[in-house]
Structures are given as structure tokens and as C-alpha cells.
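The values are calculated or read from the model by the stated rules, or taken from the named source; none is laboratory data. This is a predicted model, so every value here is computed, not measured. Every residue, glycine as well, gets a Cβ built from its backbone with ideal geometry; the counts of neighbours run over all protein chains shown. Just the protein is used for accessible areas: all its heavy atoms, side chains included, with ligands, DNA and RNA removed. Shrake-Rupley method; radii C 1.70, N 1.55, O 1.52, S 1.80 Å.
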Amino acid sequence: MPKSKRDKKISLTRTTKKGLEFKQNLVDVIRGCVDQYARIFVFSTHHMQTNNLKDMRLEWSHSRFFLGKNKVMALALGRTPEEEVCENIHKVSSKLVGHCGLLFTNSTKDEVLE
């Protein structure tokens, strides 16, 4: 039997890809935060909801959260000692596995864990 002309798949999404400029901008912003903030924390999420993240961002308005592609964030920090932005920061990029993000803050470790 001949192929039906009605059996065509049509994509209904109208989203646009973020592209190279967005990724380069993210790399620049993360590298700027490395100099601006004293501490970096890697946090992992499990079933993260938008409301929870909004609440965290409101509480920690003095800090920066980054949730994005791990490879792009690792590239911004530097994957090897030769590529790293600051000393020993390439060790942080090796911890970016799975659903995780970066928290840049000037708060102490005890305050963040609380």
C-alpha cells in the first residue's frame, strides 16, 4: 500500500535553542563569580521543584545559584589544572555529576549547611 500523506508528524513547539552565545555568556558569568565570591558549593537536587528553588533564591539573595549543563559549568571553572580559573578549582568541576548546581556565596560553611 502507498504511504498515507496524512501520517505526518508535526512539531507543535515554538521554542528556540539557546545557542553558543548563551553558553559563552554563562561561562563568563561563572568566571566572574569565582572572583566575586569567597566560597563555591556543589549541591545535588532530587526532584527539585520550582517553588522550592524560588524560596531558596529569596532566602539566599546575597548569593548566586547556577543550574545548567554540567559540561558548560565545568568548562567555566576549568577541567584541568592548565585550564582552571583559580588555583585548585578544577577539582570542583570533577564533582559536577548528575542533577547538580553551583552555589557561590560569601557565607561560611556552617551557615550554608544550616
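Less than 19 Å apart at the alpha-carbon level, and either on another chain or at least 8 residues along: which aspartates and glutamates does that give for Lys95?
Lys95 reaches Glu82, Glu83, Glu84, Glu87.
So what is the 222 nm mean residue ellipticity for the chain from helices alone, if each DSSP H run of at least 4 adds -39500 (n - 2.57) and you divide by all residues, rounding to the nearest 500 deg cm²/dmol?
After summing the helix terms and dividing by residue count, I get -11000 deg cm²/dmol.
Picking from Thr50, Thr16, Thr80, which is most flexible by a Gaussian network model of the chain using Cα springs under 10 Å?
Maximum fluctuation in the GNM of the chain, among the listed residues, is at Thr16.
I'd like the carbon and sulfur percentage of the solvent accessible area for the chain, probe radius 1.4 Å, heavy atoms only, ligands and nucleic acids excluded.
For the chain, the apolar C and S fraction of the accessible surface comes to 51 percent.
Leaving out ligands and nucleic acids, note down the accessible area per residue over region 39-114 with a 1.4 angstrom probe, in whole Å².
Normalised by residue count, the accessible surface of region 39-114 is 70 Å².
Assign one of three labels to region 33-114, namely rounded, prolate or oblate, based on the Cα gyration tensor with a ≥ b ≥ c the square roots of its eigenvalues; rounded applies when a/c is under 1.5, prolate when it is not and a/b is larger than b/c, and oblate otherwise. Walk me through the numbers on the way to the answer.
Numbers: a/c = 2.17, a/b = 1.40, b/c = 1.55.
Oblate is the answer for region 33-114, as a/c is 1.5 or above yet b/c matches or exceeds a/b.
If exposed means no more than 10 neighbouring beta carbons inside 10 Å and the site is in a DSSP loop, what's the longest run of the chain without any exposed trypsin sites (Lys or Arg not before Pro)?
The reported range is 18-114.
If the elastic network links every pair of Cα atoms under 10 Å, which of Ser94, Ser61, Ser11 fluctuates the most in the Gaussian network model of the chain?
Judging by the Gaussian network model, the answer is Ser11.
Taking the full set of protein chains and a 1.4 angstrom probe, give the accessible area of Met56 in square angstrom, rounded to the nearest 10.
Spelled out: Met56, probe radius 1.4 Å, area about 70 Å².
Suppose R0 equals 41 Å; then what is the FRET efficiency for Lys9 and Tyr37 from their Cβ-Cβ distance, rounded to the nearest 0.05?
On the way: r = 46 Å, r/R0 = 1.13.
Rounded to the nearest 0.05, the efficiency is 0.30.
Mind counting lysine pairs for me in region 1-70? Cα separation below 28 Å, and the two need to be 8 or more apart along the chain or on different chains.
Going through region 1-70 pair by pair, I get 11.
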